[in-house]
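For reference, the structure is listed below as structure tokens.
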Amino acid sequence: MTSALVVDNVFVPSCSDNVAPTIESTTIKSSSCSNVEIAAPCRQLRPRRESAKFDEREVVKKIRSVVDQPTFSGDDLAFLEQHDSLVKLVKRRRSSYSKHKERSKEFEDEPEILKQSCIRLAEAIRSSKHTIMYTGAGISTSANIPDYRGPDGVWTKLQNGQTVTVDQSLVSATPTYTHMAIEKLLQVGALKYIVSQNCDGLHIRSGVSPDNISEIHGNMFTEICSECHKRFYRIFDVTEHTGLRRHMTSRCCDVCGGKLKDTIVHFGERGDKRWPHCWESACSHVNDADVIICLGSSLKVLRSYKQLWLTDRPKKCRPKLYIVNMQWTPKDSQAVLKINGRADDVMQRVMTQLGLTVTSYESDSDALLRLAIPIASSESETFRTGIIRVPPTHAHLLAHVTPDAAMRVDPNCPFSRKIGPDDDDESTRADLSRDTAVVSTQPDMPGWFGKGRKRVLVRKNSKRKRKKVLE
Ligand SMILES: [Zn+2]
């Protein structure tokens, strides 16, 4: 007799009759014969299954060593023939691994190809009615913020068991040429909207209006009231006390007293597509778009946001896709043009083609200064991280900021203490070292960078360990 069994509503595969019942076995009910107690022999199959897996692994190991040889003996050929299905499996795995390695390589197009591609991209922007742009970590690498999936990316390094060090406080990073060029395109109407995966806030700091951007994974300088949804821009990283599934920032709303929370989608979390990322606004611009430019993103996360790609439309009716990235992306085959180049380099060429001059970033006119709301006097001890550079014209933002926080990033701030390599003050050195965030060794480090990633890695490793114990 062979029958399917149900244990607490969980389907259990059927077992053959020739396995003896055990005393330890669970009492289970047959789906076809209710309330009849029978013994579950499945447990006895487990050691047999594990032993079979072990044998299979040994065979796979041997297949690998055999196929690596330059020539095969008669015995080798017979062995490979005997395990034909496993040989195919080894070949499939090898091909998939080498494809993955190839796709993760970064490379730049030849200068002449790059030049022609940039001319085509500029022409597409010029003739488009509604261009929108999707930006990723690749546009901030020249601001010394590491990306995720590049050869030196956070994701890549942590997966290889390496330590990731961010050499500067993320607060002290400033907008790059690309950020300023994008702002210029918005200013002249050549670009209508930005959807960004970046949390570094550099688009806003370059002068992009919050109405022209959806920061779908949040902004490290923004906190939002959990009650009335008022948005607060700050001059410091609001995520010091937040992390995976912990979003409260320890400050309160000045309108309704509700608790404030960060806007970051931490590693390991799924983004809420309704709030706070202006998702409706992003979707509305996607619907109107005739050109989409993807800049500095591997698109491995962005591709899962189906609405951004209008996959419900026939291919001919979708916006033209232009991709600028050093690595392969899953959307390359759908792009009318793929440019393998650095964001700053490509944007410089495109802006020259369009005849547009890009102004350099000036810290005195950082747009975050205009948007920022000063903290209350009772909240001066709610953060230890540094602040962006604040010129004397915006001194009101520093009213309740402690001198320590202000000094940590900007030695020229209105407070008079100096920080530098020659400073002998022990506490100052401690402050400086705190600003150098080491992702993999400081679980409580200030800032959003890589926090959840550490936990995701730990979880994955525990799964692997459990698997090894079973093996
Ligand atoms: Zn509120």
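Just so it is clear, none of the values below were taken in a lab; they were calculated from the coordinates. Quantities reported herein were computed from a predicted structural model and do not represent experimental measurements. Neighbour counts are summed over all protein chains in view; Cβ atoms, including those assigned to glycine, are modelled from backbone coordinates with ideal geometry.
Work out the FRET efficiency for VAL301 and LYS91 from their Cβ-Cβ distance, taking R0 = 35 Å, and round it to the nearest 0.05.
With R0 = 35 Å, the Cβ-Cβ based efficiency is 0.70.
Please list, in order along region 317-326, the HN-Hα scalar couplings obtained from phi with the Karplus expression 6.51 cos²θ - 1.76 cosθ + 1.60 (θ = phi - 60°), rounded to whole Hz, x for Gly and Pro.
3J(HN,Hα) across region 317-326, in whole Hz: 9, 8, x, 6, 9, 10, 10, 10, 7, 7.
First select every other residue whose beta carbon is under 10 angstrom from the beta carbon of ASP312; then total the charges, Lys and Arg +1, Asp and Glu -1.
Value of the local net charge: +3.
At 7 Å along Cα-to-Cβ for each site, give me the label-to-label distance between HIS100 and THR359 in nm.
Inter-label distance under the simple model: 4.8 nm.
Among rounded, prolate and oblate, which fits region 52-103 when a ≥ b ≥ c are the square roots of the eigenvalues of its C-alpha gyration tensor, a/c under 1.5 means rounded, and a/b larger than b/c means prolate?
It comes out oblate by the Cα gyration axes.
What distance in nm separates the simple spin-label points at ASN144 and ASP55, each placed 7 Å from Cα in the Cβ direction?
6.0
Counting Lys and Arg as +1 and Asp and Glu as -1, what is the net charge of the other residues whose Cβ lies under 10 Å from the Cβ of TYR322?
Once all neighbours under 10 Å are counted, the net charge is +3.
What ³J(HN,Hα) values, in whole Hz, does the Karplus curve 6.51 cos²θ - 1.76 cosθ + 1.60 give for region 249-262 when θ = phi - 60°, with x put for Gly and Pro?
9, 6, 10, 10, 5, 7, 9, 10, x, x, 6, 8, 10, 6
Order of 95-104, 228-237, 282-291 by packing, highest average Cβ count within 10 Å first?
Ranking the peptides 95-104, 228-237, 282-291 by packing returns 228-237, 282-291, 95-104.
Which of the residue pairs LYS105/LYS315; LYS101/LYS320; LYS62/LYS91 have a Cα-Cα distance greater than 19 Å in the structure shown?
LYS105/LYS315; LYS101/LYS320
Sort 380-389, 73-82 for me by packing, meaning the mean count of neighbouring Cβ atoms within 10 Å per residue, highest on top.
Taking the mean over residues of other Cβ atoms within 10 Å, the ranking is 380-389, 73-82.
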